[in-house]
Amino acid sequence: MQLEETADSNYRQSLDLASLRLFVQAVEHGSLSKVAERNNMALAAVSKRIAQLEDYYHVRLLQRTGRGVITTPAGVALMQHAADIFRKVHLSRRELSDYARGVIGTVRLFASTSAISQMLPADLAAFGVAQPDIRVDLREAYSGAIAARVRDGTADMGVVIANPGMDGLDQRLYRRDRLVLLAPRDFNSAGDSIRLRDLVDADFVLMEDDAAITSLLLRIAASRGITLRVRARVDSFDGVCRMVQSGFGVGILPAMIARHSAAAMELRLIDLDEDWAERQMLIVTNPRFEQSRATRQLADFLAFAASNCD
């Protein structure tokens, strides 16, 4: 009896991650019985673990109902903290595992298609030479999806195209690029530059709505009362180029990418005489999460690369 009381007293002085994980599962499933079944535990054992957790925090976390359990306001708050706690546990395990393999850190980097198709590969190669003990786990995604991943901690860092959805994230300038019009060789244009209002009768080849270029173009067109004639939608820059080459319409691409395709496919490049055609690429991190040393080093390296190019 005395040993059991001592164990309970020790429990109240420390947080049990196993019990916290059971609590998270209970919230997700809405049932202690399902948690017990999932973990091959007795229902009474799961209930005791939750009770000990409530005793540790001195507050009721779950409310029992006829259909299962629901979260109290205190339980909702704990769920938010639990996400941070388990993220830090995962981060510590990953970094220590890297040390065991001779690597001092891994950075989960999500980057936009524009960044990966332009400057980022060369910059990451240079970083790899400067910091060979840091591994960069690179994934490609649209800028909006990257912001969501940085917010929830599934990405350590993102390289995105600046857009209104970056609020709440720490932002540093990475690079700038400029958008141009890619058109068939016989496209009728009065000069070397063109405005969006001059393209109201043109057919457009666009990427998907989630793509930063498409989102920007549609937003600008709507603000000016312009309806774009969209003839085709594709999922890559190369797809835009090939559709333009086939005569489906005109496309808008970053100049660096469009130049290569224009030369290879005998297409025209026309400057866009628009302020919005110049874009910023940003390095984004989440100020809510403590960044690893490897993440900070990569962010500093990329920001330094930007300062040397300005």
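Values in this text are rule-based calculations from the coordinates and carry no lab data. Fair warning: this is a prediction, and the values are worked out from it, not measured in the lab. Here the Cβ is made from the backbone with ideal geometry for all residues, glycine too, and neighbour counts use every protein chain on show.
Rounded to the nearest 0.05, what FRET efficiency do ARG288 and ARG139 give with R0 = 22 Å and r taken as the Cβ-Cβ distance? Could you check? So, using R0 = 22 Å, E works out to roughly 0.60.
Where only DSSP H runs of four or more residues are counted, the chain gives -15000 deg cm²/dmol as its mean residue ellipticity at 222 nm, each run worth -39500 (n - 2.57).
Counting only Cβ charges, +1 for Lys and Arg and -1 for Asp and Glu, the dipole size of the chain around its Cα centre is about 640 debye. Extension gain, ASP186 to ASP198: 0.36 nm times the residue separation minus the Cα-Cα distance gives 2.7 nm. Per-peptide packing, taken as the mean over residues of other Cβ atoms within 10 Å, places 118-124, 287-293 in the sequence 118-124, 287-293 from highest down. Straightening the chain between VAL76 and LEU43 buys 9.6 nm, computed as 0.36 nm per residue apart minus the Cα-Cα spacing. What is the pair-distance distribution P(r) of the stretch 98-225, computed from all Cα-Cα distances in 10 Å bins starting at 0, with each bin given as a whole percent? Percent of pairs per bin, in order: 10, 33, 29, 17, 8, 2, 0.
Of all beta bridges DSSP finds with both residues in the stretch 175-310, what is the antiparallel percent, to the nearest 5?
That works out to approximately 60 percent antiparallel.
Taken one residue at a time, the phi angles of the stretch 158-173 give Karplus couplings (6.51, -1.76, 1.60, θ = phi - 60°) of x, 10, 10, 7, 4, 7, x, x, 9, 4, x, 9, 6, 10, 10, 5 Hz. Gly and Pro are set to x. A dipole drawn for the chain from +1 and -1 charges on Cβ atoms has a positive end, and of GLY66, ILE134, LEU182 the residue lying farthest that way is GLY66. Mean silhouette area of the chain, derived from the convex hull of its C-alpha atoms and averaged over all directions, reads 22.6 nm². For the chain, what relative contact order do you get, as a whole percent, if you take Cα pairs closer than 8 Å and at least 6 residues apart? Normalised by residue count, the contact order of the chain is 19 percent. Taking the DSSP beta bridges in the chain as the whole, what percent of them are antiparallel, to the nearest 5? The antiparallel proportion sits near 55 percent. Express in nm, to one decimal, how much length is gained between ASP152 and SER223 on full extension, taking 0.36 nm for each residue of separation and deducting their alpha carbon distance. Taking ASP152 through SER223 to full extension adds about 22.4 nm, to one decimal. Placing unit charges on each Cβ (+1 for Lys and Arg, -1 for Asp and Glu) gives the chain a dipole about its Cα centre, and among MET207, ALA145, GLN280 the Cα reaching farthest toward its positive end belongs to ALA145.
In sequence order, the stretch 17-30 has phi-based couplings of 5, 5, 5, 4, 5, 5, 4, 4, 5, 5, 5, 5, 9, x Hz under the Karplus curve 6.51 cos²θ - 1.76 cosθ + 1.60, θ = phi - 60°, and Gly or Pro positions carry x. Taking the stretch 172-194 and a reference point 7 angstrom along Cα→Cβ of ASP271, the backbone N atoms nearer than 11 Å belong to 192-194.
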